[in-house]
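To keep things clear, I will list the structure first and then write my remarks on it.
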Amino acid sequence: MSEKSPVIELRNVDKSFGPIDVLHDISLKVSAGEVLCLLGDNGAGKSTLIKILAGVHQPTRGNILMDGEEIALNRPRDAQGRGIATVHQFGGTYPLMSIGRNFFMGVEPTKGFGPIRVFDRKKANQIAVEQVQSMGITRITDGDRLVGGLSGGERQSLAIARAVYFGARVLILDEPTAALGVKQAAHVLKIVNEAKRRGLAVIFITHQVMHAMAVGDHFAVLIRGSIAADFQKGEKSREDISDLMAGGESMAELEAKIEN
Amino acid sequence: MVAPPTSTKISFGSIMRNPAAGAFMGFALVFIMFAIFGYQRNFLSVGGVSTWVNFASTVGMIAIPVGFLMIAGELDISTGAVLPASAMTVAITSGYFELPIMVGIIAALSVGALIGWVNGMIVTRTQVPSFIVTLATLFAVAGLTLSLSIFFINTTQTSLNAPEWAKALFGGRALGGFRSSVFWWLGMVGVFVYFLHYSPWGNWVFALGGDQESARNAGIPTRRLKIALFMLCSTSTAFAGVLQTIQFNAATSQANFGMIFNTIIAVVVGGALLTGGFGTVLGIVFGTLTLSVVQQGIGYTQIDRNLSFLIIGVMLLVAVLMNETFRKLATNWSTSKKKK
Ligand SMILES: Nc1ncnc2c1ncn2[C@@H]1O[C@H](COP(=O)(O)OP(=O)(O)OP(=O)(O)O)[C@@H](O)[C@H]1O
Ligand SMILES: [Mg+2]
């Protein structure tokens, strides 16, 4: 599986915001049908890394390759155009807008003739409701409902459904299970597996070892902006992974700290 | 009746969810009260109605793009200086220098577009709130208008006698007293309704005020859109200035501070949220009409003229409270309804 050529690859990427260095010398590959779990402590640089892949930030140094060819992702539209869909850690929905309008934000379906294009509300609502229901949120039946009236988890599911619908090659999920209940989280993991089976390259960020172990083929751990470990499924024990996720401190030590 | 694309079924829920509904009810209430107190004072005569509708047309064509900016999370108060700047531009170009009227109009609209571009560029390139940026351009443009007027024509006001066809098109009267600005306003309302509620760009405007970061992540050209909205606002204001100049055959370079308050009051009374992300064109139209009835229609009633400011103040407070309630209803209504 991992012998296939990578769909998306980062080569020696550095990122700094002015004087603040956030990422150093990051090299990563994700192949079709593979799930890369990106792990790391708060502030390690995970979100910054995926924002580079989403076209939100541009690398200070280094290259991005897709299907082996160097590409430039100067704006989010460039990434979307190449089939890279991202669910960012925060936001992604607009509370005072309808479900249908939220789902198609930036890629509105239109109808009409000639230059007069009208937002196709019916089509947008129908597809949005279908896709959200397929995420296991069956209570949503009306695409005109405002997103502000949904629960946090329902909103998150909407954002994920959107990315799954538009992501043709690469699906990036930044802590998608953080706001979700046990059942919905299980559903997201199922969807990640489904995307993988469809041949998408998936990048999955989580702080929960269980979720990472459940779907990950390949793990990369970021500590203070550098890759501290990069290994395949089965190469490390669950305990080792938890320790790495805590930024290198051993879980046993952390537990001892909590006790006192 | 006042439905942007929400539910097709007219239910209590869909009416309560519609921010234009509150603005309409507010207008109906004020109109009925004034009609009762003004029945014997010609409030309902053509002369009475056209007085406040004419006033509404000028405020209204500025208020809608001001409302777009508010929905997008920004404020534009430079309108008070754009109005005299464009008026003086057309009057000096076509009046004093006697160039064709179209040259004057295009020059005035260009001045408006340029001021909007400057506003938009500063707001998108710096972190300075648009209230401060447009406050600065308000004073800068007001000062520039005065000193350039002195420089070019050595006075701060001048007259303009537009050719017949231009007077008919931009400054005439029809149907017993309605100015042509009323018909321009109605046409613009149509275009603005399409833009905000039916075109894909309208979605982007709401997204900008709802969550700018997410809008950017979704691939929306947030900077360009914001600059375009500032330009739309000041160009519409410039157009209102042109219409006024042609109507009254004269222009003055005094800043019109009243217009700033009038447009913002119309937008808020029209149901737009000061915090952005919410509002309708038709709501703003009703907000404008309500304001105009209270400010101009009061002369045709037995109500003491001096009370109009008091009424407007109270109205504004009530509107802000109602908008907040509507927002809560709009986002909670769906939650309480979902048990199916
Ligand atoms: N636009 C920015 N300007 C300056 N510094 C930034 C910017 N974005 C992120 N940073 C800094 O980069 C570091 C990494 O942030 P990032 O959001 O990537 O962390 P993360 O690994 O996603 O953390 P978490 O697990 O809490 O989500 C932080 O120290 C943050 O302050
Ligand atoms: Mg993060």
Next on the checklist: For a protection proxy built on the mean count of beta-carbon atoms within 10 angstrom, sort A:89-98, B:302-311 highest first, please.
Outcome noted: A:89-98, B:302-311
Checklist outcome for this item: Projected area averaged over all directions for the convex hull of the alpha carbon atoms of the stretch B:56-183, nm², comes out at 8.6 nm²
Checklist entry - Helix by helix, which DSSP H runs in chain B go 30 Å or more along their axis at the Cα atoms and have an average Kyte-Doolittle hydropathy of -0.5 or more? => result B:46-71, B:101-125, B:130-153, B:222-248, B:307-337
Checklist entry - What Kirkwood hydrodynamic radius, in Å, does the stretch A:185-255 give when the mean of 1/r is taken over all pairs of distinct Cα atoms and then inverted? => result 13.0 Å
Checklist outcome for this item: Answer check: the stretch B:26-323, Cα atoms, Kirkwood Rh, Rg/Rh ratio of 0.98
Checklist outcome for this item: The residues B:34, B:97, sorted from fewest to most surrounding Cβ atoms within 10 Å, come out as B:97, B:34
Next on the checklist: Give me the one-decimal nm value for the distance between modelled label points at residue A:90 and residue A:122, 7 Å along each residue's Cα-to-Cβ direction.
Outcome noted: 4.0 nm
Checklist outcome for this item: Taking alpha-carbon centroids only, the stretch A:113-140 lies from the stretch B:270-292 a number of Å equal to 27 Å
Item to check | Estimated D of the stretch A:107-260 in µm² per second, where Rh is the Kirkwood radius over Cα pairs and Stokes-Einstein applies at 25 °C, 0.890 mPa s | outcome: 137 µm²/s
Checklist entry - When you look at the Cβ of every residue in B:203-210, what mean number of other chain Cβ atoms sits within 10 Å? => result 5
Checklist entry - Tell me, Kirkwood radius of the protein assembly as shown from alpha-carbon pair distances, in Å? => result 26.8 Å
Checklist outcome for this item: Going fewest to most other Cβ atoms within 10 Å around each Cβ, A:259, A:253, B:74, A:34 line up as A:259, A:253, A:34, B:74
Checklist entry - With a 10 Å Cβ neighbour count serving as the proxy for reagent exposure, in which order, fewest first, do B:216, B:224 appear? => result B:224, B:216
Checklist entry - For the residue pair residue B:128 and residue A:257, what label-to-label distance in nm results when each label sits 7 Å from Cα along the Cα-to-beta-carbon direction? => result 4.5 nm
Next on the checklist: Report D for chain A in µm² per second (integer): Stokes-Einstein, Kirkwood Rh on Cα pairs, 4 °C, 1.567 mPa s.
Outcome noted: 67 µm²/s
Checklist entry - According to a simple spin-label model (label point 7 Å from Cα along Cα-to-Cβ), what is the distance in nm between residue A:70 and residue A:233? => result 3.4 nm
Item to check | GluC sites (Glu not before Pro) restricted to the stretch A:152-252 and DSSP loop, no more than 16 other C-beta within 10 Å | outcome: A:235, A:249
Next on the checklist: Please report the spacing between the Cα centers of the stretch B:142-156 and the stretch A:33-91 in Å, no decimals.
Outcome noted: 54 Å
Checklist entry - For residue A:14 and residue B:309, what is the calculated FRET efficiency with R₀ set at 51 Å and r taken between the beta-carbons, to the nearest 0.05? => result 0.25
Checklist entry - Taking a ≥ b ≥ c as the square roots of the eigenvalues of the Cα gyration tensor of the stretch B:89-247, is the shape rounded (a/c under 1.5), prolate (a/b larger than b/c) or oblate? => result oblate
Checklist entry - How much length is gained on full extension from residue B:46 to residue B:98, taking 0.36 nm per residue of separation minus their Cα-Cα distance? => result 15.1 nm
Next on the checklist: I'd like the mean, over residues of A:99-107, of how many other protein chain beta carbons sit within 10 Å of each residue's own Cβ.
Outcome noted: 5
Item to check | Shielding score for A:134-140, defined as the mean number of other chain Cβ atoms within 10 Å | outcome: 1
Next on the checklist: Please compute the contact order of chain A in relative form: average sequence separation of alpha-carbon pairs under 8 Å and at least six residues apart, divided by the residue count, as a percent.
Outcome noted: 25 percent
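Read-outs throughout are calculated quantities, based only on the coordinates presented, and are distinct from any laboratory measurement. Note that the structure is a prediction, hence the values are computed from the model and not measured. We place every Cβ from the backbone using ideal geometry, glycine too, and count neighbours over all the protein chains shown.
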